[in-house]
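The values are calculated or read from the model by the stated rules, or taken from the named source; none is laboratory data. Remember, it's a predicted structure, so these values are computed and weren't measured experimentally. Glycine also receives a Cβ, built like all others from the backbone with ideal geometry; neighbour counts cover every protein chain displayed.
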Amino acid sequence: MTRVAREARIKGEVARIAMPDNTTTAEPVVSEAGTDTPRLSITDVGRDFHTRNGVIHAVSGIHLEIQRGEFVALIGRSGCGKTTVLRMIGGLLPPTGGVIEVDSKPLWRDGRVDSSAVTKLGFVFQEANLFPWFSVIDNIALPLKLRGVGKRERRTRAKELAELVGLTGFEGSYPRELSGGMRQRAAIARALSTEPDLLLMDEPFGALDALTRERMNLELQRIVLETSSTVVFVTHDIPEAVFLADRVVQMTPRPGRINKILRVDFAKPRDVDLQTTPEFNDIVRSLRHELDEEE
Amino acid sequence: MRNNRMKLLPWIVTPSLIVAIIAFWHVFVTARDVNPLIFPPPREVGDALVDLLGEGTMWSAARVTLTEIVAGFLIAVVSGLAVGVVLGKVPWLERSVRPLIVIAQVSPKVAFVPLFVIWFGFDITSKIVLATVLAFFPVMLNVLLGVRSVEQGQREVMRSLNASRSQTFSQLEMRSLMPYLFAGMEVGIVLATIGAIVGEYLAGNEGLGNMVVTAMNSLDAARTFALILVLSLIGLALFLIVNELKRFFIPWHESVYGLQNRDV
């Protein structure tokens, strides 16, 4: 792989978590200068939706700090606001309260997104949302095209990324000629093309069958480790979250809040067989119980 | 193997059907002894067609008609695209002019031919105007629909990539509406052909439509038939050209690749 790791990962460092007051493991926020500043910092963020029947508090009081190179999974039932949180981080939906900072710079100002901050983000949606009129390589290179990167350079980059996500040999294919899993690989490559500081993924494998999904999880882990990416990953699949994440953030609905943050300390890269170990299943079980108790 | 046979099928069936229709036509008019002034046998039509193709006046008339069709069609495509995009992007404007569009669309535009003649004269301009007016609406309405039908998920991709308005237009909206534009063009080219011919029928002093009227007035049914055949061939050729353009410009679209792979 020709890619150079962008930054040294700060591994083994204690992640600083800011928690809402009503949780048990609240820790004070420690703020330090330099490279120790978190990649993403979310402070008291909320989002209201105004409907005919009044105001709905979709999300409220979200506190979260994510370090460089960290993989954080957001889990919860549908309607718990996890996608809303991700869309606010991704610059797609303005928060109605609180502050989101990427590398200590506010992402939103007066309901308008700071475009220089958005360029640091890469977004992968539940649907691949590839453009059917572009070949795989041109889809992957689209973000570079929008930034005015020359054709030859962006093709070279896109080829490398196609290799990284395992699409070698399909560069010239149209999206319709790809399977669901391959489309999602292309979407991931597209999001990685700008070397984002923060990769945001909204149930990227939700539409895939179980076997493809398992393989994609392994692939994603490999890609994230190779590129030292920082990832926020939304899913409703608990084992998937535990398998991939350094921390699992569990949310509860009405209004959407963070209920619990759990560290997952298994060494990386993780093996599929990890999912059959008692330790893994203990974590999965405890998270599942937590979700069941909401009812 | 099966695939190959499927590809050959239309090339065998279509000529056979045409031969069958001509044979039936021949048998029908000879067996029932139909007056050739009313319904000439295929042989006479064939002879008339051969005569016609040898006439220099036919070719210059065809050039006139073709000019009217193509000019009207091109004006309709350009203006339909422009108006469709603007109305699609500016909802308040679309809402305010929608009643007018509906009225213009349902009004029988052929009825305006006398007015077009008063305004634009008996020469080709009035026919171009009628061709344009007929072809404009399907193009414009399809483009309008196309602008509205851009997938929300693809819009979000452009937003997440911090794309400018013009980038979103050139990379997403314009490309996404191409299949709609071509759907409108396929209807539009047929209507432009109708517009030019009807214009010539009603108020022509040149063109193939005018020749049809002349042939009819001299009770030459075979020649009338032959001229209609020529007009049909022109219409077919123009449609095939638009269809080829579609294959060239949107090879990625279902309407193009679906036809090729349907039986695979």
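Structure data summary
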item	result
Test: residue in segment A:250-272 that is in contact (Cβ under 8 Å) with a residue 60 or more places away in the chain, closer than 26 Å to A:G122 by Cβ, surrounded by fewer than 21 Cβ atoms within 10 Å (Cβ to Cβ) and out of contact with any Pro (no Cβ under 9 Å at 6 or more places or on another chain)	yes
Residue within segment B:232-255 that is crowded, with 23+ Cβ neighbours inside 10 Å and more than 14 Å from chain A (Cβ to nearest Cβ) present	no
Residue within segment B:85-93 that is without any contact (Cβ under 8 Å) to a residue 40 or more places away in the chain, of a type in the set (F, W, Y) and surrounded by 15 or more Cβ atoms within 10 Å (Cβ to Cβ) present	no
Only listed residue being closer than 30 Å to B:S255 by Cβ, within 18 Å of the chain's Cα centre (by Cα) and at pLDDT below 90, chosen from A:A207, A:A187, A:A128	A:A207
Complete set of residues in segment B:216-251 that are at pLDDT 90 or above and under 30 Å from A:S173 (Cβ atoms)	B:L240, B:I241, B:V242, B:N243, B:E244, B:L245, B:K246, B:R247, B:F248, B:F249, B:I250
Residue in segment B:161-177 that is within 22 Å of the chain's Cα centre (by Cα) and of a type in the set (A, V, I, L, M) present	yes
Residues of segment B:128-154 that turn out to be part of a helix (DSSP H, G or I) and either within 14 Å of chain A (Cβ to nearest Cβ) or of a type in the set (D, E) (or both), as a count	4
Qualifying residue in segment B:45-68 (condition: touching a Gly at 6+ places or on another chain (Cβ under 6 Å), surrounded by 13 or more Cβ atoms within 10 Å (Cβ to Cβ) and under 26 Å from B:P179 (Cβ atoms))	no
Flag if B:G184 is over 26 Å from B:S60 (Cα atoms), among the small types (G, A, S) and in a helix (DSSP H, G or I)	yes
Complete set of residues in segment A:105-121 that are in contact with a Ser or Thr (Cβ under 9 Å, 6 or more places away or on another chain), more than 8 Å from chain B (Cβ to nearest Cβ) and either at pLDDT 95 or above or not in a loop (DSSP other than H, G, I, E, B) (or both)	A:K105
All positions within segment A:73-82 that are surrounded by 23 or more Cβ atoms within 10 Å (Cβ to Cβ) and either of a type in the set (D, E, K, R) or on the phi < 0 side of the Ramachandran plot (or both)	A:A73, A:L74, A:I75, A:C80, A:K82
Condition met for A:T156 (under 29 Å from A:D103 (Cβ atoms) and either more than 21 Å from the chain's Cα centre (by Cα) or within 11 Å of chain B (Cβ to nearest Cβ) (or both))	yes
Test: residue in segment A:237-249 that is more than 14 Å from chain B (Cβ to nearest Cβ), closer than 21 Å to B:Q154 by Cα and within 20 Å of the chain's Cα centre (by Cα)	no
Selection count, segment A:172-215, where residues are surrounded by fewer than 20 Cβ atoms within 10 Å (Cβ to Cβ), touching a helix residue (DSSP H, G or I) at 6+ places or on another chain (Cβ under 6 Å), outside any helix (DSSP H, G or I) and away from chain B (no Cβ under 14 Å)	1
Residue in segment B:232-248 that is of a type in the set (G, A, S) and more than 18 Å from B:G72 (Cα to Cα) present	no
Some residue of segment B:130-143 being more than 30 Å from B:E173 (Cβ to Cβ), at pLDDT 90 or above and under 18 Å from the mean Cα position of the chain (by Cα)	yes
Segment B:155-177 residues that are facing chain A (nearest Cβ under 9 Å), paired with ones that are among the polar types (S, T, N, Q) and surrounded by fewer than 19 Cβ atoms within 10 Å (Cβ to Cβ) (beta carbon under 9 Å, 6 or more apart)	B:M158/B:Q167; B:L161/A:T119; B:L161/B:Q167; B:N162/A:S115; B:N162/A:S116; B:N162/A:T119; B:S176/B:S149
Verdict on B:I118 being away from chain A (no Cβ under 14 Å), more than 30 Å from B:H253 (Cβ to Cβ) and surrounded by 21 or more Cβ atoms within 10 Å (Cβ to Cβ)	no
